[in-house]
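Chemist: Supplied in structure tokens, the structure appears directly below.
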Amino acid sequence: MATFGGRREVAGFDEHLVKSRQRVADHGEVFTPRWLVDDMLDLVKSETERIDSRFLEPACGSGNFLVPVLERKLTAVQSRHGRSEFEKRHYALFALMCVYGIELLPDNVAECRANLTALFARFLGPSAGHEWNRAASAVVAVNVVQGDALKMTDARGDAILFPEWGYLGRGRYQRRDFRLDDLTQRASASVGLFEAFEEHEIFTPVKTYSRMTVQEVGG
Ligand SMILES: C[S@@+](CC[C@H](N)C(=O)[O-])C[C@H]1O[C@@H](n2cnc3c(N)ncnc32)[C@H](O)[C@@H]1O
């Protein structure tokens with residue numbers, strides 16, 4: 001492995017796809033090249049172009065999938081809400097709220113959060129107030145979790161919780177938190193077992209928040 005100004009390169013690998021041989025051996029850390037990400041996302045193109053479709057990457061690395069998903073969602077925001085700065089900003093934050101990740105390694109988690117918030121900030125431009133960046137940071141802090149996707153536990157060993165965000169219009173968001181293991185176990189149960197139930201009877205939030213403005217999302 002060679003190091004050039006802080007960037008590492010492993011012989012035979014693209015420098016952006018591998019950080020070190022050790023990390024490949026320990027964690028299977030090989031990042032997906034952009035062309036392959038784009039090809040894979042094209043398989044679910046209509047979902048990637050919906051602002052409110054929810055994407056969870058359970059081994060998200062630094063966001064090689066999540067960042068292009070957000071790019072596509074923001075393109076949809078621009079074409080549908082670009083005429084109103086108010087709507088554009090609120091729907092852009094909602095697009096970010098619909099992107100989720102789990103990652104074992106803390107440096108990857110930090111990079112993933114930073115890559116998503118940087119894209120969001122570039123999209124809104126410098127005229128957006130600080131409350132938008134604060135809200136974006138608060139969203140990725142809970143949507144991109146450091147943890148073990150196989151055990152569905154976070155870095156403290158607690159059950160991973162994910163917020164389900166909604167945009168209610170007129171600058172108001174809603175948030176309900178769910179346990180990931182609850183969602184996945186119930187979702188994988190046979191349709192027959194649950195077909196008689198309404199969705200609200202199957203999925204029970206562990207916490208429901210009051211409606212929030214962007215300032216309140218930012219805390
Ligand atoms: C093959 S890389 C893929 C990264 C990214 N999805 C991409 O395509 O560029 C796998 C990633 O999963 C992480 N990882 C490994 N085991 C994990 C686990 N049990 N839970 C969450 N993340 C894990 C690694 O740290 C690494 O960043």
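All of the numbers you see were taken from the coordinates with simple rules; none came from a lab. Note that the structure is a prediction, hence the values are computed from the model and not measured. When we count neighbours, we look across all protein chains shown, and the Cβ atoms used for this are built from the backbone with ideal geometry, even at glycine.
Chemist: Which whole number in µm²/s is D for region 131-191 by Stokes-Einstein, with the Kirkwood Rh taken over Cα pairs at 37 °C and 0.692 mPa s? List each step's numbers first, then the result.
Modeler: Values: Rh = 13.2 Å.
Translational D for this selection: 249 µm²/s.
Chemist: Further, regarding this structure: Lysine pairs in region 31-218 with Cα distance under 24 Å, only those 8 or more apart or on different chains: how many are there?
Modeler: On the way: 45/73; 45/88; 73/88; 151/207.
Lysine pair count for region 31-218: 4.
Chemist: What is the local net charge at residue 102, summed over the other residues whose Cβ is closer than 11 Å to its Cβ (Lys, Arg +1; Asp, Glu -1)? Intermediate results must be reported in sequence, preceding the final value.
Modeler: On the way: positive: 151; negative: 57, 103, 148, 154.
Taking every Cβ under 11 Å from that of residue 102, the sum is -3.
Chemist: Same structure, new question: Search the structure for amide H atoms under 5 Å from the amide H of residue 178, placed 1.01 Å from N in the peptide plane, and list their residues when 5 or more places away or on another chain.
Modeler: 162, 164, 206
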